[in-house]
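So the structure is just underneath, and the comments pick up after that.
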Amino acid sequence: MLQDSDLISQYTEFILNNLPEWNHSKSEADISVIAQKEKFAAETAKIDRTADINSQLKQLGKIIKDSVPDNHICLFDTAKHQLVEKQNPSYSKFEYNLAYASDNELKKYLLEEVKHFKMQNGRPQWMIATSKQNSQNIGIIAIPSFAGDVDCQATVRKQFTEHLITQKKQHSWKDIIFDFRGNTGGDAEIIKEIGERLSGKSLLYADICEYVKNVPQNPEQNKIFSLKRFRRKTSPQYPSSDDDKFYGHLYILQDGWCASATEGAIYMLSQIANSTTVGETTAGTFAGGGCVNIPFSYGTLRIGTEYRERSKNGRLIKEKEGIPADIPTSAKSAYHQALKMIINHTLPHQTILSEFIRKNKNL
């Protein structure tokens, strides 16, 4: 271990050598990555090593925020205070998702057959309902969080999926609205299953998912990487029966809170024909996932172990910029905008054209 006076150098070297965005297989040939690394090293070199440790870490946190292209990365001081400031929306993440709506609000929204699923103690409930609009039934799937112990949630997640498929068939849903507003992530494997069963096609969590080669600085860090680093399960395409298939339109509500696995969920559903995202640009927190907590002599660094890359309409989606909605609108009005589109049975001509070209370009 280096001397405490060189703590910032330890952090700097570790981030330079382990950040997924700076160490994936294509990064060495990427001029922009080289420039980012040089800028980060130059900025951390300016930190006053004579200042107290927490002051140094606070300066480092600001540099990470300004210079590191990763929204998953976190730095904690000796009191476990988060030092990398996050840019969150001005409204609460509990504000708009329909899963949080009161009984009176659900009646106002004309929702019927409402069923809530208690996922886990201390975790938000999920919801499935049917909305009747102009004599047609619309499926409402509200998932405010993917967080928690997935093994603990396994049974209820299975019940949720089967109830969704049953309700779709029983009520002959013509359209489905997925409400992900306020969902900051967790494990979205259930959306891969739902999406593949509805569509009968394989859905990608990202265009590229690649483990980076870790460079620990000591045996303790090496042990953490060995035991706790992310391991993505290789899951084949989920089988789809005739009863599973859905031929209507999918509307996906998103906002500025949607991050990490939720962006993966949005990305997967967006690969299905006749799908449209409605709302705000997402948080842009996906490129360096599968995080582990790495302790230093002072403070702790949370950093990803897997590099992910996604694109939309032929353009690379950038970390910290997020996934733009097909139909931009505020988080507050996203649900009503989707309903309006369903009731009118129309989409703006340019949106239809661009969506058709994007989703059929490889056929």
- request: Would you mind calculating the relative contact order of region 192-244 from Cα pairs under 8 angstrom and at least 6 residues apart, reporting the percent as a whole number?
  value: 60
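Based solely on its DSSP helices, what 222 nm [θ] is calculated for the chain when runs of n ≥ 4 H residues each add -39,500 (n - 2.57) and the sum is averaged over all residues, nearest 500 deg cm²/dmol? Kindly include the intermediate steps, with their values, before the conclusion.
On the way: 11 runs with 125 residues, N = 363.
Taken over the chain, the calculation gives -10500 deg cm²/dmol.
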message: Charges on Cβ only, +1 for Lys and Arg, -1 for Asp and Glu, centred on the Cα centroid of the chain; of Gly314, Thr44, Ala99, which one is farthest towards the dipole's positive end?
response: Ala99
message: From the mean inverse distance of alpha carbon pairs (Kirkwood) and the Cα radius of gyration, derive Rg over Rh for region 12-114.
response: 1.22
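When only DSSP loop residues count, what trypsin sites (Lys or Arg not before Pro) in region 83-192 have their Cβ near at most 11 other Cβ atoms within 10 Å?
Numbers: sites: Lys86, Lys93, Lys107, Lys108, Lys115, Lys118, Lys132, Arg157, Lys158, Lys168, Lys169, Lys174, Arg181, Lys192; in loops: Lys86, Lys93, Lys118, Lys174, Arg181.
Loop-located and lightly packed - Lys86, Lys118.
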message: Just to confirm the number: angle between the C-alpha axis of helix 189-199 and the first principal axis of the chain, 0 to 90 degrees, nearest 10?
response: 40
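I need to check one value: relative contact order of the chain, counting alpha carbon pairs closer than 8 Å and at least 6 residues apart, in percent.
Details: 676 pairs, mean separation 68.1, N = 363.
In percent, rounded to a whole number, it is 19.
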message: On C-alpha positions alone, give me the angle between the axis of helix 150-170 and the longest principal axis of the chain, in degrees, nearest 10.
response: 30
task: For region 253-300, calculate the relative contact order in percent as a whole number, restricting contacts to Cα pairs under 8 Å that are 6 or more residues apart.
output: 46
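From the cross-link list Lys201/Lys223; Lys93/Lys340; Lys65/Lys213; Lys245/Lys318, which pairs have alpha carbons spaced over 29 Å apart? Don't skip to the answer; put the middle values down first.
On the way: Lys201/Lys223 39 Å; Lys93/Lys340 24 Å; Lys65/Lys213 23 Å; Lys245/Lys318 33 Å.
Those over the limit are Lys201/Lys223; Lys245/Lys318.
Between Asp207 and Glu28, what is the FRET efficiency for a Förster distance of 22 Å, r being their Cβ-Cβ separation, to the nearest 0.05?
After rounding, the FRET efficiency stands at 0.70.
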query: Given Ile224, Val212, His249, which one lies farthest toward the positive end of the charge dipole of region 201-250, if we put +1 on the Cβ of every Lys and Arg and -1 on the Cβ of every Asp and Glu?
result: Ile224
query: Hey, rough spin-label estimate for Ala273 and Lys62, points 7 angstrom out along Cα→Cβ, what's it come to in nanometres?
result: 5.4
Nearest-10 value in Å² for the accessible area of Ser9, using the 1.4 Å probe: 40
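Apply the a/c threshold of 1.5 to the C-alpha gyration tensor of region 106-258 and tell me whether it is rounded, prolate or oblate.
Values: a/c = 2.44, a/b = 1.89, b/c = 1.29.
Prolate is the answer for region 106-258, as a/c is 1.5 or above and a/b outweighs b/c.
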query: Expressed as an acute angle from 0 to 90° and rounded to the nearest 10, what is the orientation of the C-alpha long axis of helix 219-228 relative to the principal long axis of the chain?
result: 10
query: Leaving out ligands, DNA and RNA, what percent of the accessible area of the chain is carbon and sulfur, probe 1.4 Å?
result: 50
message: If I model a spin label at Ala35 and Ser55 as a point 7 Å from the Cα along the Cα→Cβ vector, what separation in nanometres do I get?
response: 3.4
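Please report, in debye to the nearest 20, how large the charge dipole of region 244-340 is about its Cα centre when each Lys and Arg carries +1 at its beta carbon and each Asp and Glu carries -1 there.
On the way: 10 positive and 9 negative charges, 20 e Å.
Taking the Cα centre of region 244-340 as origin, the dipole is about 100 debye.
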task: Can you tell me how much longer the chain between Tyr247 and Leu227 gets when fully stretched, taken as 0.36 nm per residue apart minus their C-alpha distance, in nm with one decimal?
output: 2.9 nm
query: According to a simple spin-label model (label point 7 Å from Cα along Cα-to-Cβ), what is the distance in nm between Ser235 and Lys46?
result: 4.5
message: Explain nothing, just the number: dipole magnitude of region 156-250 about its Cα centre with +1 on each Lys and Arg Cβ and -1 on each Asp and Glu Cβ, in debye rounded to the nearest 20.
response: 300
field: Between region 112-137 and region 318-339, the alpha-carbon center distance in angstrom
entry: 21
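The values are calculated or read from the model by the stated rules, or taken from the named source; none is laboratory data. Here the structure is a predicted model, which means the values were calculated and not measured. All Cβ positions, even for glycine, are placed from backbone atoms using ideal geometry, and neighbour counts span all protein chains on display. All accessible areas refer to the heavy atoms of the entire protein, side chains included, with ligands and DNA or RNA removed. Shrake-Rupley method; radii C 1.70, N 1.55, O 1.52, S 1.80 Å.
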